[in-house]
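Chemist: Once you've had a glance at the structure underneath, I'll fire off some questions.
Just so it is clear, none of the values below were taken in a lab; they were calculated from the coordinates. The model shown is predicted, which means the values in this text are computed figures rather than measured ones. Virtual Cβ from ideal backbone geometry, glycine too; neighbours counted across all protein chains shown.
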Amino acid sequence: MREIEQLLRRRERHPQPGPPPQAANFVLLGNPVGHSLSPLMHNKALQAMQIAGSYTAFCVSDLAAAVAGIRGLNIRGASVTIPFKTAVMEYLDEIDADAAAVGAVNTIVNDRGRLTGCNTDWLGFIQALGDKIDVAGKTFVIIGAGGAARAAAFGIRKMGGTVIILNRTEAKGKALAREFDGPFYPLTAVGKIKADVLINTTSVGMYPNIHQSPVAQAALAHYETVVDVIYNPLATRLLRDAAAERRRTISGLEMFVRQGAAQLKLWTGKDAPLALMRETVRERLAPYEM
Ligand code: NAP
């Protein structure tokens, strides 16, 4: 009895710390995810924003179960990547208007169990063009017709530009062109068209195939600016060829950083540390540059 009283008195003198503040945890759902730099970038940002919690990548084998896990584990937000950006939509409670128009979700916001699908890729893409390109009235040739192409086409149309779609698979390219009011041509037309901007949204040239380019160097003279949404490597073969042709170039790094910053804003309501995120990714990739 006396031992218990002593223990209680000791506890009064040395109160136990209260429960830790609720951590805000975030996940990336994709397959594969091993190559992703999102965990590195987001964890650095969360630390700088003084948000207790972490961002973890999961290689998903069962998408429905993974989305249920977001609710069950009270995960605050999720990024979604290849190959789930469209498939995930059916498991969410709501799709916001922009994501519905893009036709892809790269961000999930969990508001007390209610999951909303959003898309920050299009915003990241437009912000990456920044003050280098005034989109309104310009013509953009987009190579590819997947998720990144959809995000770029949506952003360009929203900002008053026009699109021309070139794709390997005709049916997919034609469908995208129809949706965003532009013509479709096969990939071979790239050297015959003249436009303000050429954008590569295919994975051709991405690590480890860093010597590949979706466009022959001579064709690049037809475009004032060449954009690659690939950020690994930072300087793709396409961008190096474009620089050799004295074209203006924009790499996928800025789009990657901006879409990530927009996700953090949706999840936390706070502005993300853009410069830190940019440097974190650049530092990781720079040693591998040619
Ligand atoms: P996706 O939905 O799988 O689409 C890939 C597109 O590339 C398809 O149109 C496909 O053509 C085309 N393609 C693939 N291999 C090709 C080849 N060998 N020759 C010609 N065309 C080929 O992928 P995604 O989500 O759009 O991603 C594409 C790239 O964008 C990836 O490298 C990804 O990392 C990058 N990305 C970057 C950011 C960023 O923030 N910087 C954001 C999103 C994506 P078919 O239709 O004929 O199959």
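Chemist: Do the conditions hold for Asp228, that is, is it touching an Asp or Glu at 6+ places or on another chain (Cβ under 7 Å) and charged (D, E, K, R)? Working first, answer last.
Modeler: Values: touching an Asp or Glu at 6+ places or on another chain (Cβ under 7 Å): no; charged (D, E, K, R): yes.
In short, no.
Chemist: Do we find a residue being touching a Leu at 6+ places or on another chain (Cβ under 8 Å), touching a residue at least 40 places away in the same chain (Cβ under 8 Å) and charged (D, E, K, R) anywhere in the stretch 244-263?
Modeler: Yes, the conditions are met somewhere in the stretch 244-263.
Chemist: Find the residue count for the stretch 70-84, including only residues that are without any contact (Cβ under 8 Å) to a residue 12 or more places away in the chain and either touching a strand residue (DSSP E or B) at 6+ places or on another chain (Cβ under 8 Å) or not in a helix (DSSP H, G or I) (or both).
Modeler: Just the residues of the stretch 70-84 that are without any contact (Cβ under 8 Å) to a residue 12 or more places away in the chain, to begin with: 72.
Within this subset, residues satisfying the condition of being either touching a strand residue (DSSP E or B) at 6+ places or on another chain (Cβ under 8 Å) or not in a helix (DSSP H, G or I) (or both) are none.
Residues that pass the stated criteria total 0.
Chemist: In addition: Residue under question is Asp228, and the condition is that it be buried (at least 16 other Cβ atoms within 10 Å of the Cβ) and over 23 Å from the mean Cα position of the chain (by Cα); does it hold?
Modeler: Working: buried (at least 16 other Cβ atoms within 10 Å of the Cβ): yes; over 23 Å from the mean Cα position of the chain (by Cα): no.
The answer is no for Asp228.
Chemist: Every residue in the stretch 183-202 that is crowded, with 17+ Cβ neighbours inside 10 Å and either aromatic (Phe, Trp, Tyr) or free of Cβ contacts under 8 Å to residues at least 40 places away in the same chain (or both), please.
Modeler: If the condition is that a residue be crowded, with 17+ Cβ neighbours inside 10 Å and either aromatic (Phe, Trp, Tyr) or free of Cβ contacts under 8 Å to residues at least 40 places away in the same chain (or both), then Phe184, Tyr185 are the ones that fit.
Chemist: Output the residues belonging to the stretch 29-43 that are assigned to a helix (DSSP H, G or I), out of contact with any Phe, Trp or Tyr (no Cβ under 6 Å at 6 or more places or on another chain) and surrounded by 18 or more Cβ atoms within 10 Å (Cβ to Cβ). It would help to see each step written out before you state the result.
Modeler: Keep residues of the stretch 29-43 that are assigned to a helix (DSSP H, G or I), which gives 38-43.
Among the residues that remain, those that are also out of contact with any Phe, Trp or Tyr (no Cβ under 6 Å at 6 or more places or on another chain) are: 38, 40-41.
Listed by number, the residues that qualify are Ser38, Met41.
Chemist: Inside the stretch 53-69, can you point out the residues that are small (Gly, Ala, Ser) and in a helix (DSSP H, G or I)? Write out each step before concluding.
Modeler: Restricting attention to the stretch 53-69, the residues satisfying the condition of being small (Gly, Ala, Ser) are 53-54, 57, 61, 64-66, 68-69.
Hits for the stretch 53-69 are Ala64, Ala65, Ala66, Ala68, Gly69.
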